[in-house]
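Take a look at the structure below.
The values are calculated or read from the model by the stated rules, or taken from the named source; none is laboratory data. Quick caveat: nothing in here was measured; it's all calculated off a predicted structure. Cβ coordinates were reconstructed from backbone atoms using ideal geometry, including for glycine residues, and neighbour counts include every protein chain displayed. These accessible areas exclude ligands, DNA and RNA; they are computed on the full protein's heavy atoms, side chains included. Shrake-Rupley method; radii C 1.70, N 1.55, O 1.52, S 1.80 Å.
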Amino acid sequence: MSVELDVFVGNTTIMDKEVYQLWLNGYTVNDAVKVRIEGGVMEECEASAEVLLSDTMDQYRTFQMCERLLHHPAKLANQLLFQIPPDRQAMLIERYYAFDDLFVREVLGKKLSKGTKKDLDDVSTKTGITLKSCRRQFDNFKRVFKVVEELKGPLVENIRQHFLLPDQLARDYAAIVFFANNRFETGKKKLQYLTFQDFAFCAGQLINNWTLGAVDNMMEDMDVDLDKEFLQDLKDLKILITDKDLLDQHKSLVCTALRGKTNVYNEMEANFKNLSRGLVNIAAKLINAKDVRDFFIDLVEKFIEPCRSDKWTSIDMNLYLTHYTNSAHILDTFKHHAVWTRYMGVIKSCILRLYHD
Amino acid sequence: MPGKLKAKIVAGRHLPVMDRASDLTDAFVEVKFGNTTFKTDVYPKSLNPQWNSEWFKFEVDDEDLQDEPLQITVLDHDTYSANDAIGKVYIDIDPLLCSEAATVISGWLPIYDTIHGIRGEINVLVKVDLFNDLNRFRQSSCGVKFFCTTSIPRCYRAIMVHGFVEELVVNEDPEYQWIDRIRTPRASNEARQRLIFLMSGELQRKIGLKVLEMGGNAVVGYLQCFDLEGESGLVVRAIGTACTLEKISTFPATATHPSNSSPSKDMKEPVFGEEAPGVPLSSGPPTPLRAQTFSSFSPSKSYSRQSSSSDTELSLTPKTGMGSGGSAGKDAGPLKALLKQQTQSALEQREYPFFTLTVFPPGFLLHVGGVVSARSVKLLDRIHNPDEPETRDAWWEEIRQEIKSHAKSLGCHAVVGYSESTSICEEVCILSASGTAAILSSRFMQDGPLDTELRFEEVVSPGCGFCHIPYDELNIPFPAQLTYCYCCRRYKVPDVLFTTIDLPTEASVTGKGCLIQARLCRTKKKAQGEVNAMAISNLLPFLEYELHTQLMNKLKLRGMNALFGLRIQISVGETMLLGLASATGVYLTALPSPGGIQIVGKTPSDITYEQHISNMQKKINDTITKNKELYEINPPEVVEEIIGSPIPEPRQRSRLFRSHSESSDDVSEIDLSHGKKDAFVLEIDDTDAVEDIHALLTDSPTPAGFYSCNTEIMPGIQNWTSAIQMFTSVRVFRLNANLTNQGLNKIFSDLCENLLKSLYFKLRSMVPCCLCHLNFTVAIPEDELIQVAVTAVALSFDKVQTLENGKQSGEKTPIKAITENDEQLQFNLELNAETSSSSISPKGLSEVGSHPSARDRCSSWIEQLKLKAHTIRRGSVKTTSSMEKASPLPEGRSRSLRSNRSYSGSSVAVVKMTPLSFIPGAKIIKYLGIINMFFIRETSSLREEGGVSGFLHTFIAEVFAMVRAHVAALGGNAVVSYSMKECVFMENPNKNQAQCLINVSGDAVIFVRESELELTSVQPQSATTQTSNGGEGT
């Protein structure tokens, strides 16, 4: 005797949050049943394993049928097949598009291509996240990327509207799209200590300040690419390190301001030129796409690591960067104030975020 | 040319990609009605086409309007090859033909293809202009309202209940025509869908004509069924109850009040003496004594076979009846109360005094006799002439006659809660009919005598009156236990009562009720033709008998004494018969407390054996005690003393009461209740009985927080919240070959039990809740397969108040359902008031009566306001939406902007579905028409669609979606009295194919939350916005 067919259809589609999460996590039906049994739902509801299996299968089927719609969340509100209350719809979408920080760190900045997808089994082994779940998350990234790639207007807003995501999640996706588009390198060993949220923060800074959309809000602007003109202008900052007078002047201004206010004054003074060269060189090179990719490595190598070895605190860092930025404006022969502000504003907040004491 | 049908195709969305190269579709639409077809332009390269067509106008007879559906086909234009069909929409025009129903159909309807399912949606507008032609009702019956609801619809009042209407039409099944061999499955499915649409339209029209002939304006309890007889054809049949209804909210309550109350005021005055003959107003023939007519059905002959005259068909009619209905015994003698005959004569003039209603206006149902049922086994033959469906008519006629005679033998003149069904396997067909024998008041009957009877009957308090035996004590051919009613102590009541109707709202009930099911499997040998039919008809009586015994045992085990909503389904397969009886058990306060179950061993020599028995006895007793606690059955304990006291003789009554017991069954040779006063004896003499007892005890109780019933409402629970969840669940089991009867029984029983358990688990978030209207359907789709389908609704209720009520009922007072149902029973509260005031019942019932009537009056006002507000809203919505549609967004616009708009603007309106006739916490303010849809779905890529479960899951979801969309297009926000009447599933996994047919029906309505109603009365304007959000509750 065997159950040949077993379905349950409600006028309002019944979806169990817990089972949904298990499904999203890529559990097989049998594994999901095990987890549920361990969770004690059976005792709670006087159910048998059989009942649980039937329910889990049924839910999984429902989710599979819904998945097609979740790929275009706006359709979920418009479709007639499932009657799902709005709050449930929001839950479904949010959870479907949620991702594991562990996973996203593995693919952040990588090209969202078939090749990367093929390597997901390695990612799965490494992170312990099921391959199924990895694929879903990867496909989500790719889908969002594809849709907003060609869209005009603010990136976060586009994502929010097209995928009906809550604000924070939309921002995260914007970061993922932005990183994937600019192919920022995040996987190097030196960057391993950074979390996704660190990068997401930086992405937000870059999107808000360095893209075309950041300067003027015209519709045809794109948020995904860096402002080419700005990158070009960054080359002019080189004068800060090539002109010896300027460099010395800059150093003395910063040193004057910081004297007595920090414990690492000596190290700072000794390293000033190196650090300044590091930052300005990063700026000057950003016009090359290849160097854009190395932006975070460069920041870490050229600035953060030296400071860390000198045991700067975050406060020291903040103090230094503030005065470093401001002092440049006092330099007589330095004319590129606007570019400098735009550049250093982002650099400062990024470094502060990336610098873990 | 009495009608002009106008249709406009506005837009499409979510269309499938038909051109792989461009990933787009060049869609256009064909609109067809009858033989006329219009086409829209091709809207190139879009999945969201904006046709915004002109109005296509069809000038047609109203006869066609009733029969034909509007057929909309969406196609993909192809320059070089034939255009590909995307899918179709059939629109039933019928709701537009009645002035009181919907006025326009407008909205997004799913485009359906029988192979691919739903493929996008189409936005259409449909209107009908009916010309006022005085001579119009010749072939058509426009304007007759149809309701699936088996009670008087909530916003109507019954002026007259005319009686039974039936009709059937037959045709060849396109699936079995020769052309089917050369056409595609799609073409064949569509031919079938269309034919059934046409046939049900025709059927409805013909029934409508009958209603008009009878002078009615509506059909209530409309039940339409299909018999897929395979080679021999396709039968669509329907039954219903013709009524004259009056809309309550169209008149101010004050206006209708006096007009209605006058006849009943007359009743109050004892103008006629009891002996007054009460001459029928209509000049019917004098009523013959019932005795002569059907005396041939003696109990011993109850399953005699009769061969019908035709030699091609074999008629094997086991004349078995269930429960008391089985007592097709000698007819009552001359000792019959005169007054009953008066109403009776009125009813007997009718061919069939049947009513498909299960809930009645107060005062209509006087006494209930018991369940009457009849079955007949027939061999199908090809229907030679579709225009003359005489054979099928004759078959049903035979059965109905039998039912009628059964009712008579119970001393009843009417059958209520009547329904008919079939089960077909190959060429064998079992026809079944069942109902509840009853005595009705003539108050609602046109040809009835003007109520001489009423005033006597109404002396009795409404809480117990219907339990009083209607039959004659002297002529019950079997021993039985009658006692004096435990409520009024004046009339006799049986010890157990079985009925097919809903629990009368006024009934006094102790504690809560519960679902009781009897399940049975019987193997049979494979056979052909007559031999097969004979074998089946030989098995049927035993099947029914065992089902009955099971029901009785389970009822006693729960400490209850009455069954409502009894529905027995017998399904036939090649190698087995399945029987499933479902009912809701309750403890009627008026009936005596049921005795326990006593087990008696046959060979009491062995000590261990005796011990075994006493163990079992203990278990049973424990279960009974536990159940009594669970269902809060604590009847008052005063009983015994009074029983001995002299019985107050009912004043002027000469009728004698005769004992009769529900528990005995004419089919049985052994009379189970014989000689025992309070205990129900189970004799263990073989393994069968042991199994039975075992099965009894293994029925698992419902988990905490859950109640279940198959009736509309659950006694003892009142404070429903607005959370409702309708669902359908289907399971198919594959059996191993060579199972014994007992093995089969166990499997079948487990199947049902597990299904219930699954439902409880699924719905655990709604606790505390009650599964209402649990409707099980069993089928044997092929050898070794059992299919069980359940449709029900889960209603949440508030726990706190329940506890209070529980205490109340526990203490002693039976719950008076009347007060609770005031709101729901809007339709005839005035009557209600009169009933109570005219009754001489002691406790301030009249006070209760007058109070709600005043309340009713003002709520009717509110309703009216509400209705106005609502029409305003609908109007305005229409214009805005059409404006939106009229200006399709230009393609060139910025993409992000466009997507913005289309997404935020249109979220789908919530449509509630429920098998109940009401929505808790809400008031139905308008009935928009009947929904009756038939779909076929087929696949040849079963695995790819997720196997059989995936396939059926999708299909059922699609059917729900289409029902909701059509209701929303009519302007409604709910379907009530929803039912899935057919779910035929066939699979061929080897070929990767499956096919399923589903037939659903219900009443589309507009409801308003009661909380909003209060708002409305203060400020009608604000309610307009409220209504639109009304459905979002669940």
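Structure values in brief
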read-out: Label point distance in nm, residue A:248-residue B:621, each placed 7 Å from Cα along Cα→Cβ; value: 11.3
read-out: Over the stretch A:101-191, relative contact order from alpha-carbon pairs under 8 Å, at least 6 apart, %; value: 42
read-out: Solvent-accessible area of residue B:726 with every protein chain in place, 1.4 Å probe, in Å² to the nearest 10; value: 0
read-out: Per residue convex hull volume, Cα atoms of the stretch B:49-197, in Å³; value: 186
read-out: For residues of B:756-763, the mean tally of beta carbons on other chains within 10 Å; value: 6
read-out: Rounded to the nearest 10 Å², the accessible area of residue A:348 at probe 1.4 Å; value: 60
read-out: Over chain A, equivalent-ellipsoid semi-axes from the Cα gyration tensor in Å; value: 50, 22, 16
read-out: For the pair B and A, total buried accessible area rounded to nearest 100 Å², probe 1.4 Å; value: 4700
read-out: Isotropic mean projected area of the C-alpha convex hull, the stretch A:238-357 (nm²); value: 6.7
read-out: At 0.692 mPa s and 37 °C, Stokes diffusion of the stretch B:1-132 via Kirkwood alpha-carbon radius, µm² per second; value: 216
read-out: Under-5 Å amide H pairs with residue B:244, H placed in peptide plane, nonlocal only; value: B:159, B:160, B:161, B:162, B:217
read-out: Accessible area (Å², 1.4 Å probe, nearest 10) - residue B:587; value: 10
read-out: Long pairs among B:145/B:404; A:17/A:146; A:111/A:146; B:512/B:799; B:628/B:757, criterion Cα-Cα beyond 19 Å; value: B:145/B:404; A:17/A:146; B:628/B:757
read-out: Chymotrypsin sites (Phe, Trp or Tyr not before Pro) within the stretch A:132-241: DSSP coil, no more than 16 neighbouring Cβ in 10 Å; value: A:193
read-out: R0 of 41 Å, Cβ-Cβ distance residue A:287-residue A:135: FRET efficiency to nearest 0.05; value: 0.65
read-out: Alpha carbon centroid spacing (whole Å) that separates the stretch B:917-958 from the stretch B:162-210; value: 20
read-out: Equivalent ellipsoid semi-axes - Cα gyration tensor, the stretch B:406-445, angstrom; value: 29, 11, 5
read-out: Value of D in µm² per second that Stokes-Einstein yields for the stretch B:711-804, Kirkwood Rh from Cα pairs, at 4 °C (1.567 mPa s); value: 87
read-out: Shape parameters for the stretch A:101-191, alpha-carbon atoms, Rg then Dmax in Å; value: 13.0, 38
read-out: Probe 1.4 Å, all protein chains present, accessible-area order of B:376, B:700, A:309, largest first; value: A:309, B:700, B:376
read-out: Relative contact order %, the stretch A:17-82, counting alpha carbon pairs below 8 Å whose residues are six or more apart; value: 33
read-out: Burial order of peptide ranges B:757-768, B:947-958, A:318-329 (average beta-carbon count within 10 Å, highest first); value: B:947-958, B:757-768, A:318-329
